[in-house]
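These notes concern the structure reproduced below.
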Amino acid sequence: MKAKYLYVLAIILLNGGIVLMDEHSHTYEDSEEVVLWMNTVGPYHNRQETYSYFSLPFCAGPKESISHYHETLGEALQGTELEFSGLDIDFKNDLTHTKYCSVKLTEEKYKEFVYAVKNHYWYQMYVDDLPIWGIVGEIGDNGKEFFVWTHKKFDIGYNEKQIVDVNLTSDSKVKLEIGADISFSYEIKWRMSKVKFEDRFDKYLDPNFFQHRIHWFSIFNSFMMVIFLVGLVSMILMRTLRKDYARYSKEDDMDDMEKDLGDEYGWKQVHGDVFRPASNPMLFSALIGTGYHISVVSLCVITFAMMGELYTERGSLLSTAIFVYAATSPVNGYFGGSLYARMGGKVWIKQMLMSAFLLPSLVCGTAFFINFIAIYYHASRAIPFGTMVAVTCICIFVILPLNLVGTVLGRNMSGQPDYPCRINAVPRPIPEKKWFMEPSVIIVLGGILPFGSIFIEMYFIFTSFWAYKIYYVYGFMLLVFLILAVVTVCVTIVCTYFLLNAEDYRWQWTSFLSAASTAGYVYLYSFYYFFFKTKMYGLFQTMFYFGYMALFSLALGIMCGTLGYQGTSTFVRKIYSTVKID
Ligand SMILES: *[C@@H]1O[C@H](CO)[C@@H](O)[C@H](O)[C@H]1NC(C)=O
């Protein structure tokens, strides 16, 4: 039974490589058939609100259809819906103006076209994996008349046996009227081109946008901030700690009684409580495990994207991410499980389940909810049932067992609480302190600097996702990722130092949350972006935007929180292990 599912899964994951060999080899003989795939149509301003091309009353060409395209997992999740256009295109054979079908406008069809034209619908097609965009129609000058473009002129560039360039020109505007007969036509021109096959996607990239001065400047700026912060943190801490060490070692000579009654203050006071397990250890360790997992996946995916040009294949980035996420599940189990064991947790099976399904359930929950709206709208974003089954199978038969392996390893290899200080039996009361030393205030302030170091990059990432830019500068992204990690760790260490000095030992959650609050600012920024940088409208697109932005921010928050916690944890161990306590 299990083997069968795994087999199905393997097929689903691999089928991108085995169907349609012709298109995947990307070489054609003279007069060989070239397939024009119709993908989706939708309003220009709502990039994610897409419908299948033939949901509008367009008509297909006379050629018998090749069955529905077999999608990869990533494509299915991203709403790709390729259907054969029925247009006859043969490699290197020019075709003059040819009529291929006509539509009689009933009132219903008329209304659909008018709606599409009013909402600036445009459609997308693929030839040999190269995307082509065309606009459906145009609104007349007086705003009362509506036109559709009926003629498609394809200029296809070839280099030897390969297709390297496609241009589409829309022509022959026809007015929409009930009862009118609208005929569609196309035309093909083949041209020799000097573009190399490897470079054929370059025209879709926008170096002026992504390598704008602002982008370089922001990276440079953040980098300076990192140097400054690291310098500041190490300077302050070295000085303070040295002073503290000096004082404490002098007091080493006094007997214990005197020491306890002495007027000591600061972080050393809480040595008997600082390694007390965090409240709610199960959730905490699940979050830390998930955070490690997300960090590893982000790093791997960014590296893959840097090495291979993943943007040239539809949905491959998403497929890669899912695959890497499933394959690196032991990381989650290892770190979550070992932390839980160190905190003395007993119900480790429950913890493991929570760790394994924390992120998948959040993602699936959001996707499920948005899917409802997508189905209501008949959008191509609606996730097919088969895909849902595949994703569930991955969760249960890949992620869960691997997580189990990780958890068992983690509990056995680093599950021993080897803290440098003993934990007192009775918790120490937390003294009153100034308002700005309260954990909640520290948490809110903690995210500001890390957010400052990434928000320009966020603009570029958002724009590539919500508008029509292909993100390709993964080198920048890696740099920003590393900068974010360093800034987060530095800031969290400073926050924790202040907290411990105020004799508040609840540092685990505080450090996690103060680092995670970066994501809160990112979510707030996404509101600004929505209202001032995009023209999205409609229930579907709005829900889609805020739903997935919340998910993105949450994942980012868990990741930053984990980085912050881990940095702080190392720091806390360090300062308490060098101080002799008896
Ligand atoms: C497509 O358009 C671009 C820009 O106008 C032009 O440089 C290129 O040669 C055209 N390609 C073909 C195949 O006509």
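Report the net charge of residues surrounding Lys434, where surrounding means a beta-carbon distance below 13 angstrom and charges are Lys +1, Arg +1, Asp -1, Glu -1.
On the way: positive: Lys433; negative: Glu432, Glu438, Glu503, Asp504.
That sum, taken over residues with Cβ under 13 Å, equals -3.
Tell me which trypsin sites (Lys or Arg not before Pro) from the stretch 379-465 have a DSSP coil assignment and no more than 15 other beta carbons within 10 Å of their own. Before the final figure, lay out the partial values.
Working: sites: Arg381, Arg411, Arg422, Lys433, Lys434; in loops: Arg381, Arg422, Lys433, Lys434.
Hits after loop and neighbour filter: Arg422, Lys433, Lys434.
For every other residue with a beta carbon closer than 13 angstrom to the beta carbon of Tyr110, add +1 if it is Lys or Arg and -1 if Asp or Glu, then tell me the sum.
Net charge in that neighbourhood comes out at -1.
Within 10 Å, count the other beta carbons around each residue, average over each peptide in 305-311, 548-554, 353-359, and list them highest first.
Working: 305-311: 16.3, 548-554: 18.0, 353-359: 22.4.
Ranked from most to least packed, the peptides come out as 353-359, 548-554, 305-311.
Which FRET efficiency, nearest 0.05, do Thr392 and Ala467 yield, Cβ-Cβ r, R0 30 Å?
Working: r = 32 Å, r/R0 = 1.07.
Computed FRET efficiency for Thr392 and Ala467 comes out at 0.40.
Extending each Cα 7 Å along its Cβ direction at Lys144 and Ala327, get the distance between those two points in nm, one decimal.
The two pseudo-label positions are separated by 6.3 nm.
Take Ile483, Ile178 and order them by how many other Cβ atoms sit within 10 Å, fewest up front. Walk me through the intermediate numbers first.
On the way: Ile483 21, Ile178 12.
Final ranking by Cβ density, sparse to dense: Ile178, Ile483.
Among all helices in the chain defined by DSSP H, which have a length of 15 Å or more along the axis from Cα atoms plus a Kyte-Doolittle mean of at least -0.5? Please report the intermediate quantities before stating the final value.
Working: long enough: 2-18 (24 Å, 1.28); 107-118 (16 Å, -0.98); 213-251 (56 Å, 0.49); 281-307 (39 Å, 1.64); 316-327 (16 Å, 1.74); 329-342 (20 Å, -0.17); 348-377 (43 Å, 1.39); 400-414 (20 Å, 0.67); 448-466 (25 Å, 1.46); 474-501 (40 Å, 2.34); 507-533 (38 Å, 0.39); 539-578 (58 Å, 0.74).
Correct list, ordered by number: 2-18, 213-251, 281-307, 316-327, 329-342, 348-377, 400-414, 448-466, 474-501, 507-533, 539-578.
Excluding Ile423 itself, calculate the net charge of residues whose Cβ lies under 9 Å from the Cβ of Ile423, where each Lys or Arg counts +1 and each Asp or Glu counts -1.
On the way: positive: Arg276, Arg422; negative: Asp273.
Charge balance in the 9 Å sphere: +1.
Can you give the relative contact order of the chain as a percent, counting alpha carbon pairs under 8 Å and 6+ residues apart?
On the way: 940 pairs, mean separation 96.0, N = 582.
It comes to 16 percent, rounded to a whole number.
What ranking of Glu64, Glu75 emerges when the number of other C-beta atoms within 10 Å of each C-beta is taken as an exposure proxy, fewest first? Walk me through the numbers before you get to the answer.
Details: Glu64 7, Glu75 22.
Fewest-to-most Cβ neighbours within 10 Å comes out as Glu64, Glu75.
Going Cα to Cα from Lys434, which lysines come in below 27 Å? Please leave out same-chain ones fewer than 8 positions away.
Lys243, Lys259, Lys268, Lys574
Here, each number is a calculation from the coordinates, and none is a lab measurement. Just so it is clear, the model here is predicted, and its values are computed rather than measured. As a convention, Cβ positions derive from the backbone with ideal geometry for all residues, glycine included, and neighbour counts pool all protein chains shown.
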